[in-house]
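Peer 1: So that we are looking at the same thing, I have put the structure below in structure tokens.
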Amino acid sequence: MSMYTYIKQAFPDVPIVDISDYYSKHIEPAKRIYQNNPPWKDVVNTGIKKKKRARSLTNMAKVICDKLATMTFSEQCDIAVSDKEYNDVVMDTLEANCFWERFPEFLSRSYALGGGVLKGYIENGEICINYINADRFFPTKWNSRQITEGVFCNEYVQNGCCYKLFEYHTLTDEGVSIRNVLYKSDSKSNLGTVVPVSELFPQLSENVIFKGIKKPIFVYFKPAVGNNMVFDLPLGLSVFANAIDTLKEVDIVFDSLEREFMLGKKRIIVPSELIKTLFDDNGNEVRYFDINDEAFQALRCEEAEKLNIIDNTQNLRVTEHTDALKRLLDILGMQLGFSPGTLSFDSSSGVKTATEVAADEKDTLRTVQNNKNIITEVIENLADVIINLTQAANGSSKEYTVSVNWQDNIIGDDNTRIENNINLVQSGLKSKLRAIMDAQNIDEKAANEELQRIAKENDIDGGILDGDSYE
């Protein structure tokens, strides 16, 4: 049964548009591919007797989503709230909910499924955050800017029973209203029967109202991918939705490469007269060639050329396979909005700096920046959710503003950072003192002492050269 059917049973009085086809045709297939369970995972050999074997897979879908999550959230961002009290609440809540550790994982799954939801709630007086996959959320109302109402479906297993908790979030004049319905069954495939919510959650009421809140207490994130499957839905699309054929081809070539090594192993052709027979412990006949027999073999020699032992080992086509993989990865990168070489597996350029990415990988930079713009708005809205829940709990109503600023640090190794500082000093765009501070990650006093030592070692009087500054 679809989630829509479950929701209609849980809330029969709620008018809900049936968009379950989008889940079955787009979200669920993308989820299976992300879980390394694609439709092409098995190979069926043709012939009189059809045999099926598991294909070797690269799970490139997860590689793509993890890579994009890393590129869009690798640089730390600063969340600033104008009110200090609210600022402390937001930062403490994020830390308590492991936001900085779990958000990259949430992004990876959201890039795969086409979306995800961050939901705020209060438990034991503390504000908590749920990281919910797109297949567990069903929107019921939206406008041109955001999804305002929806149903969450959470599954739990306890004491040998399966529970499904449905949360219906709506906006009312009084505030955010939440209706909770709990079902209990013996199997995950069945909805079961309605039971009191307190059976699984003693402190949770069936009806909850957060008074005074005029915005949803959840934030929906979707990737910066145009939804060309269904135009009028607020749901996002998987980043690899339009590259599934290429993902399949990558796995086919990768599987062929593995088979090349398996089928291309060393093979020696020997005369049948050299094959010996014995019986194993089960009485089965086993034929083998004794490699220890080095001399004095008695054979018939009617056809002498058939008595030769021949090495029939075939050459491995490694180069052809790797070249094909490179071309397919370039095609895949193009379909994902990446620059050529972004998905290369043999790059020798090392870790690139942000400046190098801007110069050499313009397509990748645009894709990353588009998603970072959305992530910025998501984090700002999440901070709003935390503050709104705080206001609903303590009755405060102070004005505030939220801003998210990205620390545009250069992403690279120590050698890259040092090389950049040397180039800036040589071009006169940075002082030696500031370059030492950045390259060695030390404060101004320690950098000044280091500069004095360098000057002394080079027999330069004065320590700091003319023209050098502290800024």
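The values are calculated or read from the model by the stated rules, or taken from the named source; none is laboratory data. Keep in mind the model is a prediction, meaning the values are calculated, not measured. Cβ sites come from the backbone with ideal geometry, for glycine too, and all protein chains shown count toward neighbours. Areas reflect the complete protein model, heavy atoms only, side chains present, ligands, DNA and RNA absent. Shrake-Rupley method; radii C 1.70, N 1.55, O 1.52, S 1.80 Å.
Peer 1: Say we look at the range 359-389 and pick out the residues that are polar (S, T, N, Q) and surrounded by fewer than 18 Cβ atoms within 10 Å (Cβ to Cβ); which of these is farthest from VAL219 (Cα to Cα)?
Peer 2: GLN369
Peer 1: Same structure, new question: Mind checking whether some residue in the range 195-214 is open to solvent by 60 Å² or more (accessible area, probe 1.4 Å), among the hydroxyl-bearing types (Ser, Thr, Tyr) and not in a loop (DSSP other than H, G, I, E, B)?
Peer 2: Checked against the condition, which is being open to solvent by 60 Å² or more (accessible area, probe 1.4 Å), among the hydroxyl-bearing types (Ser, Thr, Tyr) and not in a loop (DSSP other than H, G, I, E, B), the range 195-214 yields at least one hit.
Peer 1: Within the range 144-154, is there a residue that is more than 30 Å from MET91 (Cα to Cα), open to solvent by less than 80 Å² (accessible area, probe 1.4 Å) and in a loop (DSSP other than H, G, I, E, B)?
Peer 2: There is no residue in the range 144-154 that is more than 30 Å from MET91 (Cα to Cα), open to solvent by less than 80 Å² (accessible area, probe 1.4 Å) and in a loop (DSSP other than H, G, I, E, B).
Peer 1: Just checking: which of the strands (runs of 3 or more DSSP E) contained wholly in the range 1-113 hold 3 or more residues that are open to solvent by 20 Å² or more (accessible area, probe 1.4 Å), modelled with pLDDT under 95 and among the basic types (Lys, Arg)?
Peer 2: Passing ranges, in order: 51-54.
Peer 1: Moving on to the next point. Pairs, please: C-beta under 7 Å, at least 6 apart or cross-chain, first residue assigned to a loop (DSSP other than H, G, I, E, B) and in the range 220-246, second aromatic (Phe, Trp, Tyr) and open to solvent by less than 30 Å² (accessible area, probe 1.4 Å)?
Peer 2: These pairs meet every condition: PRO223/TYR111; VAL230/TYR22; LEU233/TYR22; LEU235/TYR22; VAL239/TYR111.
Peer 1: Tell me which residues, restricted to the range 156-177, are assigned to a loop (DSSP other than H, G, I, E, B) and open to solvent by 80 Å² or more (accessible area, probe 1.4 Å).
Peer 2: So in the range 156-177, the residues assigned to a loop (DSSP other than H, G, I, E, B) come out as 159-160, 172-174.
Answer for the range 156-177, where residues must be assigned to a loop (DSSP other than H, G, I, E, B) and open to solvent by 80 Å² or more (accessible area, probe 1.4 Å): ASN159, ASP173, GLU174.
Peer 1: Any idea how many residues of the range 200-209 are in contact with a Lys or Arg (Cβ under 9 Å, 6 or more places away or on another chain) and either at pLDDT below 90 or within 15 Å of VAL157 (Cα to Cα) (or both)?
Peer 2: Residues flagged as in contact with a Lys or Arg (Cβ under 9 Å, 6 or more places away or on another chain) and either at pLDDT below 90 or within 15 Å of VAL157 (Cα to Cα) (or both) within the range 200-209 amount to 1.
Peer 1: Oh, and also: Which of the residues belonging to the range 170-199 are at pLDDT below 90 and within 32 Å of the chain's Cα centre (by Cα)?
Peer 2: SER187, LYS188, SER189, ASN190, LEU191 - these are the residues of the range 170-199 that are at pLDDT below 90 and within 32 Å of the chain's Cα centre (by Cα).
Peer 1: What number of residues within the range 119-136 satisfy the criterion of being touching a helix residue (DSSP H, G or I) at 6+ places or on another chain (Cβ under 9 Å) and either farther than 16 Å from ASN388 by Cα or among the small types (Gly, Ala, Ser) (or both)?
Peer 2: 8
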